[in-house]
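First up is the structure itself, then whatever we jot down about it.
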Amino acid sequence: MDLNLLEPFKHPIFAKHQLEVDILRLDRIDPMISGNKWFKLQHLLHRPSKRTRILSFGGAYSNHLHALARFGQQNGIPTIGVVRGELRSTPTLEDCQKWGMQLYPLGREQYRDIRADDETSLGGDLRRELRARFGDFYLLPEGGATREAISGCGDIWGYVPKDYRPSRVLVSVGTGATLTGLIAKAPPGIQVDGVAAIGDAGYLVQVVSTLLYGRELEEGVRWSLNSALPLRFAKLNGELAALWYRAEEAGVELDPVYTLRMLHYLLRNILAGNYRKGERILLIHTGGLQGLRGQRENLSRLASAHCGPMPL
């Protein structure tokens, strides 16, 4: 690949523990469709009916809906976003509408019942409701987690220089699609660690195990999936907020929902002595920086109230 997205993450804590830490800056692939979203969406260009509108799901700050709306605008594909809860004026949804996405609010209780991998898995009433409103559409699951998207996420390895071989890769996890793709196409001998953006990752372990069933991995490839800390999805505390500012001071901007928790997980394991001296660790930056627009005030408030040792 022509893009050089690999950069070192220099900090005294890594040097002290004799670790080499690098970041694959997938957030720089595209200014709007950043990170793993770019890899998840490319297969949509190869659908049999390319002009059929695409319908998907997400919250008011959804990186997925944001990327899908931009992708649709760039490629002349109509898009529909089913939004959890009431339609609010957020920078994310304003961008989606600017790029031509039709937005449709869905009550939180009804939204919780959605487990849509394809249109037939939608509840009958909701399916009829959406069909009556929008006509024909191609249903894309929340987060874009299709088998084609998993294969696309495996292509992330194409952006890792061939002469660079980490011993361990860390990646943040939402639906498990990116983690699964990385595991499935990992070079021999690499440990791939997923860091869940939710407090309890138990069900995601089963999801990834099922997606990997029947796939033959390269020799010595191992994987794990753990939670960074026991917080609900998208929730922040003072320690995380302070860590975000310290990472920014070190020249690395992270999104507060996913990649920030990945860095927290890395530091916790370093301080616990869980890594061998001399390990080369690669962090995958999965983008999502557009979500910062809705979090900066919260980050500032929480970080200023943080008491205790600085996390980085």
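Only the coordinates and a few stated rules stand behind these numbers; no lab work does. It should be emphasised that the depicted structure is a prediction, and the values quoted were computed from it without experimental measurement. With ideal geometry, Cβ positions are generated from the backbone for all residues, glycine too; neighbour counts draw on all protein chains shown.
Summary table below
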| read-out | value |
| --- | --- |
| Highest to lowest packing among 78-84, 210-216, 134-140, scored as the average C-beta count within 10 Å | 78-84, 134-140, 210-216 |
| Relative contact order [Cα under 8 Å, 6+ residues apart], segment 77-169, whole percent | 21 |
| About the Cα centre, charge dipole magnitude for segment 169-254 (Lys/Arg +1, Asp/Glu -1 at Cβ), debye | 220 |
| Net charge dipole size for the chain [Lys, Arg +1 and Asp, Glu -1 on Cβ; Debye, nearest 20] | 180 |
| Rough spin-label spacing in nm, given labels placed 7 Å along Cα→Cβ, for SER89 and GLU248 | 2.4 |
| Fully extended contour minus Cα-Cα distance, from ARG165 to ALA305, at 0.36 nm per residue | 46.4 nm |
| Contour minus Cα-Cα distance for ASP155 and LEU3 (0.36 nm per residue) | 53.3 nm |
| Mean separation of Cα contacts under 8 Å (6+ apart) over length of the chain, as relative contact order % | 22 |
| Too-long pairs where the Cα-Cα distance tops 20 Å, listed order kept, from LYS10/LYS185; LYS37/LYS162; LYS40/LYS162; LYS10/LYS40; LYS10/LYS277 | LYS10/LYS185; LYS37/LYS162; LYS40/LYS162; LYS10/LYS40 |
| For the chain: rounded, prolate or oblate by the Cα gyration tensor [a/c cutoff 1.5] | prolate |
| Computed lengthening from LYS98 to ARG127, 0.36 nm per intervening residue step minus Cα-Cα distance | 7.8 nm |
| Sites ALA15 and ARG276, calculated FRET efficiency, Cβ-Cβ separation with R0 22 Å, nearest 0.05 | 0.90 |
